[in-house]
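The values are calculated or read from the model by the stated rules, or taken from the named source; none is laboratory data. Because the structure is predicted, anything quoted here is derived from the model rather than measured. Cβ atoms come from the backbone with ideal geometry, glycine included; neighbour counts cover every protein chain shown.
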Amino acid sequence: MTTKEILTTQDLHLYYGSNEALKGINLSFEEKGITALIGPSGCGKSTYLRTLNRMNDLIPGVTITGTAEFKGEDLYAPNADTVQIRKEIGMVFQQPNPFPFSIYDNVIYGLRIAGERDKEKLDAVVEKSLRQAAVWDEVKDHLHESALALSGGQQQRVCIARVLAVSPEIILLDEPTSALDPVSSSQIEATLLNLRQDYTIIIVTHNLQQASRIADRTAFFMNGELVEVDQTKNIFMNPANKQTEDYISGRFG
């Protein structure tokens, strides 16, 4: 079975003012499956993740050079539609961030903005997305209650459902379980393992065990550089680079 690359960055540099935070990242992602980005705090992994759907555009003083392409299209072309980019490349953040309204309205938020008014269609999307995010059974009798009343783990799964509702191709997750307890974290991991059949998932995690459990491929970042990327088992069992080995074995980081 041949898989094709869906997202590619070449010689990607990012500067905050004069500080170079990403130093020429060459990295490609194939359709479907999970890639974990690991490395010590401040190594550039979250910054890199945010370049993939142009979230860094919101930060003043950022300069980006090099190329980032999604399905062969330049993400940073002058005429690129950032709303469309963020629909196709959805993002889940470190802290669960449901909007202060009902679970139902959280999930259909993107569709409502896009002008969808068909209640039957919206109902179907809500159920499908919450089922995919493995939280339907817990919330189906509370859809019109505030999402803020849910536990942290449930809120995060509702946020995943909100991303799924607009039918993305790629899901970016920035340490999505770091604010959660172990039980909620394992529920999110199980959710991602189910979603990997249908979506390209890129997850930043500081939890090496999590990367080894769920990722098909792992990329190790250090000081704004991509040190090594390979199948996860190779990164953890037989890394090619000494820096990777030192990090995996806990000598620093």
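Among the residues of region 236-252, those identified as more than 11 Å from Pro40 (Cβ to Cβ) and among the hydroxyl-bearing types (Ser, Thr, Tyr) are Thr244, Ser249. Has region 192-214 got any residue that is touching a Phe, Trp or Tyr at 6+ places or on another chain (Cβ under 7 Å) and of a type outside the set (Ser, Thr, Tyr)? Checked against the condition, which is being touching a Phe, Trp or Tyr at 6+ places or on another chain (Cβ under 7 Å) and of a type outside the set (Ser, Thr, Tyr), region 192-214 yields at least one hit. The numbered conditions (1) out of contact with any helix residue (DSSP H, G or I) (no Cβ under 9 Å at 6 or more places or on another chain); (2) farther than 23 Å from Gln156 by Cα; (3) surrounded by 15 or more Cβ atoms within 10 Å (Cβ to Cβ) are all true for Leu22 except (1).
Per the conditions (1) surrounded by 14 or more Cβ atoms within 10 Å (Cβ to Cβ); (2) free of Cβ contacts under 8 Å to residues at least 24 places away in the same chain, the sole criterion not satisfied by Leu192 is (2).
For region 1-11, the set of residues classified as among the hydroxyl-bearing types (Ser, Thr, Tyr) and part of a strand (DSSP E or B) consists of Thr8, Thr9, listed by residue number. Comparison of Arg50, Arg86, Arg54 shows that the only residue that is touching a residue at least 40 places away in the same chain (Cβ under 8 Å) and not β-branched (Val, Ile, Thr) is Arg50.
Restricting attention to region 227-244, the residues that are among the aliphatic types (A, V, I, L, M), surrounded by 13 or more Cβ atoms within 10 Å (Cβ to Cβ) and either within 19 Å of the chain's Cα centre (by Cα) or over 14 Å from Ala211 (Cα atoms) (or both) total 2.
Per the listing Ser178, Ser212, the residue uniquely of a type in the set (Ser, Thr, Tyr), in contact with a helix residue (DSSP H, G or I) (Cβ under 6 Å, 6 or more places away or on another chain) and in contact (Cβ under 8 Å) with a residue 24 or more places away in the chain is Ser212.
When Thr3 is tested against (1) farther than 18 Å from Ile171 by Cα; (2) modelled with pLDDT under 95, only condition (1) is not met.
Screening region 12-130 for strands (runs of 3 or more DSSP E) wholly inside it with 2 or more residues that are modelled with pLDDT of 95 or more and not aliphatic (A, V, I, L, M) returns the ranges 19-30, 33-38, 62-70. Number of residues in region 138-174 that are buried (at least 24 other Cβ atoms within 10 Å of the Cβ) and of a type in the set (Lys, Arg) equals 2. The requirement of being surrounded by fewer than 21 Cβ atoms within 10 Å (Cβ to Cβ) and closer than 21 Å to Ala179 by Cα is not satisfied by Gln132.
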